[in-house]
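Presented below is the structure to which this report refers.
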Amino acid sequence: MFTLTERSLMLVPFDRDTATVRSAIKVLTGLCRPPDTLRSSGASIDIRTRQKEHTRKQKELAEQRDCEIEIPAMLVTERNGINFHITGRADLLSTDGKTVIEVKTAQPMPESPRSDHLLQVLFYARALGAGNASVVYTDPDSRESIEFPVDPEDKQMKTLWNGFVEDVSLFVKSEWKRHLELNAALETFGFPFDEIRPGQQEIVDSVRRAGNSREELLLQAPTGTGKTAAVLAGAIPPVVENWRILFFLTAKNTQKKILAETVDRFIKRGFPFRTMVISSRENSCPAEMERCNPELCPFAEDFGSRIRNSGIIEKLTEKILITPDDIMRESVAAGVCPFELSLFVSQRCDLIACDYNYVFDPGIRLKRFFDFDETASRCALLIDEAANLPERVRGIWSPEIKTSWMETTWKYARGNRRLQNLLRPWRKLLQAYADQPWPYRDDEVRLPEDAGLPNINRRRWQKILGGDMKAPAEATLLSRSITGFSRVAERLDERFHLLARREGNDTLVQWYCTDPSVFIAEEHSRCSSVAAFSATLEPMGHFASELGLGNGDNLVSKAVGWPFPRENLAVWVDTGVNTRWRYRDEQTDIIVSRLQGARTKNPGTWMAFFPSFSWMEKIVLAAGDSALDLIAQKRDMSEQERLDFIELINGGNHLVLAVAGGLFAEGVDLSIPDLRGCFIAGPSLPSVSLRQKLLQKRYDSTGRNGFLHAFAIPGMNRVIQAAGRLIRNSEQKADLVLLGGRFIHSPYFDHLPEHWFPLRVIRNGKVSLKHKNT
């Protein structure tokens, strides 16, 4: 164990030898004081507008009242055996030192000051010895303000301050005790299963070293290795030893379930690692509102007092594993928003499982953890299915606006001149590319740099449309996208390309980001350590670059070998099928015949993966009413449809058709009792489009093979992900049939996993073996 004495106790630095907390007042109030209400109080004001108005009002008051600004303050105090060194910077202090003023932006003006703002000004008054104080709220639009005088010696104010210090001290004592128990439990900490699979110890050791050394780890391990259990077993000890917070990032609810089951095993073996699984805001709403609307939601009002009076925090933190069901049940009983409650309680957890967006999307990231470098540095990241993260972040930084959103919002804006004036230049831009018929040869075109994008006043959009709770859902989507356009404008460089394209009856204008790695790297660099893992991270140099890893000298790459007997997986290459795009129609009947043959020769469940819905749907039509017991993935399946489809698959005795790179080709654990094998039609290359060509050009411009990195590597990774549905334990045996001769030629052959060799190559009805080095 480390011998350092100062660690972070949750989000605050804590010296355990002297029992001293060193923290900014704002962090402490956020940690122990839930917001009074979730309704309008200026939360919708963007940070740039907030800062600008704050500075303006601060300077105005400094001149009017003879004050100094940004005065450093520190208060040393003690409560319940815990010492506090609380710091901050007072907005204004009169030159005679008698009055301290705190400035806040708000819209609309509050009827009384927020309790966390009162605590901040009370802290400054005590730290600076001021006998008078006030909180001033200012509206960034009207510039109207309201001032609330505060008497630091008032009985009610003393009770508020003393109660706050009491709460923080008891919280710190409780967390200190809990962390000491966790440290002690490390003596008997071990793997959560009785047996450890081949390769899992390598994962445990690599992740643990990375956590201890504050490294970036890129880890590849085949499907079926048991990555989740091994990664957690390696990550937990350094997190506990250094009193950090562990984030497990995943895009799939199925993986959150696996994580919860794995953590439960650690807990049952005597390791009380408090874990929170965060569900999305949309899936957490008990009010069943079409859109989140705090102004109308009964779970938004009196948020802070309802939490304190209900004892809900104590009830939840009595648990070690806190699930979305736990949050929903307790929040409904207390009458508070489940999602906001989960965010507040997450500050008291050792492990938080959530979506990628809560770290990498600047619009919705968990601000308590990632808004400040000081708190982000206490977070360790585990990134599940890391091969998918670059595309997710690319989507975050590739905002688009649609004519359908605009026209629906324009109809709503009738009679509202302010909203019409806001929409008009954007509507004009969209209409310029919405001609019927589409005037371009291709469905997607690159727009010139002088395409005439309107200037964006983010504050006007938020003021006019952002707070309009009657606006249609399309207006909300439009407003969010305009915010995305504004965000891109602040970072605009050669990575971004302005595009227009036609999708059905819609015309879209989009900023397309060809290189999101810098945005990923920015978040990585702020955290204590990063372990990015997946079954498909070859070539590792490609994915290290895509994930923004290796910018320093602390990157470690590790590839774990196939954990099962090689003879369990027989890999065939059928060169008698031509899967190139221009030959697909004439090959459809041949593929149906191959599928029929496999089902006849070896009855049971077979899966077949195709590079696109359109080709898969042609296979379904060609199969007709044959006795194949065929079931196929559908486009845009709902959550319930996905669950029903998985149930059908797991029922056995089907031919299952799905899309490579889709919902059922990766990140889902299937338990098919009679799985015999899998067909994969071609290298599953991404469709040729302007966006893929721009990616190819980006790679070419950096001295890399553009086709390899933009097409071949993503395609082959889809192939490997789909094949991962086959072998999940050492008892299973299966056949993998790769359709198409391209698999035995470069560059596709070069990216086949080593454990697939020797390949059984079928040519003209004869089978020959092909080894890796031939």
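GLU641 is checked against (1) out of contact with any Lys or Arg (no Cβ under 8 Å at 6 or more places or on another chain); (2) at negative phi; (3) open to solvent by 30 Å² or more (accessible area, probe 1.4 Å); (4) not in a strand (DSSP E or B) and fails just one. What number does that condition carry?
(1)
Among what's in the stretch 479-497 and is aliphatic (A, V, I, L, M) and either in contact with a Phe, Trp or Tyr (Cβ under 6 Å, 6 or more places away or on another chain) or free of Cβ contacts under 8 Å to residues at least 24 places away in the same chain (or both), pick the residue that is nearest to ASP700 (Cα to Cα).
LEU492
Out of curiosity, is GLU53 closer than 30 Å to CYS292 by Cβ, modelled with pLDDT of 95 or more and open to solvent by less than 70 Å² (accessible area, probe 1.4 Å)?
no
If GLN633 meets every condition in (1) without any contact (Cβ under 8 Å) to a residue 40 or more places away in the chain; (2) within 38 Å of the chain's Cα centre (by Cα); (3) over 26 Å from PRO222 (Cα atoms) apart from one, which number is that one?
GLN633 satisfies every listed condition except (3).
State whether one or more residues within the stretch 62-74 are touching a Pro at 6+ places or on another chain (Cβ under 6 Å) and either polar (S, T, N, Q) or open to solvent by 50 Å² or more (accessible area, probe 1.4 Å) (or both).
no
Restricting the search to the stretch 191-239, which residues are small (Gly, Ala, Ser) and closer than 28 Å to ALA376 by Cα?
SER206, ALA210, GLY211, SER213, ALA221, ALA229, ALA230, ALA233, GLY234, ALA235
What are the residue pairs meeting all of these: first residue in the stretch 385-406, first residue over 15 Å from PHE519 (Cβ atoms) and open to solvent by 20 Å² or more (accessible area, probe 1.4 Å), second residue modelled with pLDDT of 95 or more and assigned to a loop (DSSP other than H, G, I, E, B), Cβ atoms under 7 Å, and 6 or more apart or on different chains?
That search, which allows pairs on different chains as well, returns nothing.
Suppose we keep only residues that are closer than 26 Å to ALA210 by Cβ and of a type in the set (Gly, Ala, Ser) within the stretch 375-414. Which one would you say is farthest from the chain's Cα centre (by Cα)? It would help to see each step written out before you state the result.
Step one: of the stretch 375-414, the residues closer than 26 Å to ALA210 by Cβ are 375-394, 396.
Adding the requirement that they be of a type in the set (Gly, Ala, Ser) leaves 376-377, 380, 386-387.
On the way: ALA376: 15, SER377: 18, ALA380: 14, ALA386: 11, ALA387: 13 Å.
Result: SER377.
Which of the residues that make up the stretch 63-84 are in contact with a Ser or Thr (Cβ under 6 Å, 6 or more places away or on another chain) and either within 23 Å of SER145 (Cβ to Cβ) or of a type outside the set (A, V, I, L, M) (or both)? Don't jump to the end; show me each part of the working.
If we filter the stretch 63-84 for residues that are in contact with a Ser or Thr (Cβ under 6 Å, 6 or more places away or on another chain), which is where we start, we get 66-67, 74, 79-80, 82-84.
Selection gives ASP66, CYS67, ARG79, ASN80, ASN83, PHE84.
Can you report the number of residues in the stretch 311-329 which are open to solvent by less than 40 Å² (accessible area, probe 1.4 Å) and either over 14 Å from ARG33 (Cβ atoms) or not β-branched (Val, Ile, Thr) (or both)?
Residues flagged as open to solvent by less than 40 Å² (accessible area, probe 1.4 Å) and either over 14 Å from ARG33 (Cβ atoms) or not β-branched (Val, Ile, Thr) (or both) within the stretch 311-329 amount to 9.
Suppose the filter is open to solvent by 50 Å² or more (accessible area, probe 1.4 Å), in contact (Cβ under 8 Å) with a residue 40 or more places away in the chain and out of contact with any His (no Cβ under 9 Å at 6 or more places or on another chain); does SER557 pass it?
Values: open to solvent by 50 Å² or more (accessible area, probe 1.4 Å): yes; in contact (Cβ under 8 Å) with a residue 40 or more places away in the chain: yes; out of contact with any His (no Cβ under 9 Å at 6 or more places or on another chain): yes.
Yes, satisfied.
Would you check which residues across the stretch 388-441 are of a type in the set (D, E, K, R) and within 27 Å of GLU490 (Cβ to Cβ) and list them?
GLU391, ARG392, ARG394, GLU400, LYS402, ARG418, ARG424, ARG427, LYS428
Would you confirm whether or not the stretch 338-345 contains a residue that is buried (at least 22 other Cβ atoms within 10 Å of the Cβ), under 30 Å from PRO390 (Cβ atoms), at pLDDT below 95 and in contact with a strand residue (DSSP E or B) (Cβ under 8 Å, 6 or more places away or on another chain)?
Checking the stretch 338-345: at least one residue is buried (at least 22 other Cβ atoms within 10 Å of the Cβ), under 30 Å from PRO390 (Cβ atoms), at pLDDT below 95 and in contact with a strand residue (DSSP E or B) (Cβ under 8 Å, 6 or more places away or on another chain).
For a quick check of your reading: which strands (runs of 3 or more DSSP E) sit entirely within the stretch 193-310 and have at least 3 residues that are of a type outside the set (Asp, Glu), touching a residue at least 40 places away in the same chain (Cβ under 8 Å) and open to solvent by 50 Å² or more (accessible area, probe 1.4 Å)? Even if it seems obvious, please write down each step before you answer.
Details: elements: 216-220, 245-249, 275-277.
Correct list: empty, since no element meets the threshold.
Just for strands (runs of 3 or more DSSP E) wholly inside the stretch 666-774: which have at least 2 residues that are open to solvent by less than 40 Å² (accessible area, probe 1.4 Å), out of contact with any Ser or Thr (no Cβ under 7 Å at 6 or more places or on another chain) and at pLDDT 90 or above?
Passing ranges, in order: 675-681, 734-739.
Go through the stretch 496-551 and count every residue that is at positive phi and open to solvent by 10 Å² or more (accessible area, probe 1.4 Å).
Residues that pass the stated criteria total 2.
Quick one: is LEU423 crowded, with 21+ Cβ neighbours inside 10 Å, among the hydrophobic types (A, V, I, L, M, F, W, C), farther than 30 Å from ASP355 by Cα and within 31 Å of the chain's Cα centre (by Cα)?
yes
Restricting the search to the stretch 123-157, which residues are of a type in the set (D, E, K, R) and over 28 Å from THR77 (Cβ atoms)?
Listed by number, the residues that qualify are ASP139, ASP141, ARG143, GLU144.
The values are calculated or read from the model by the stated rules, or taken from the named source; none is laboratory data. Here the structure is a predicted model, which is why all the values come from computation and not from measurement. No Cβ is skipped: glycine too gets one built from the backbone with ideal geometry, and neighbour counts run over all protein chains shown. In case anyone asks, the SASA skips ligands and DNA or RNA and just uses the protein heavy atoms, side chains included. Shrake-Rupley method; radii C 1.70, N 1.55, O 1.52, S 1.80 Å.
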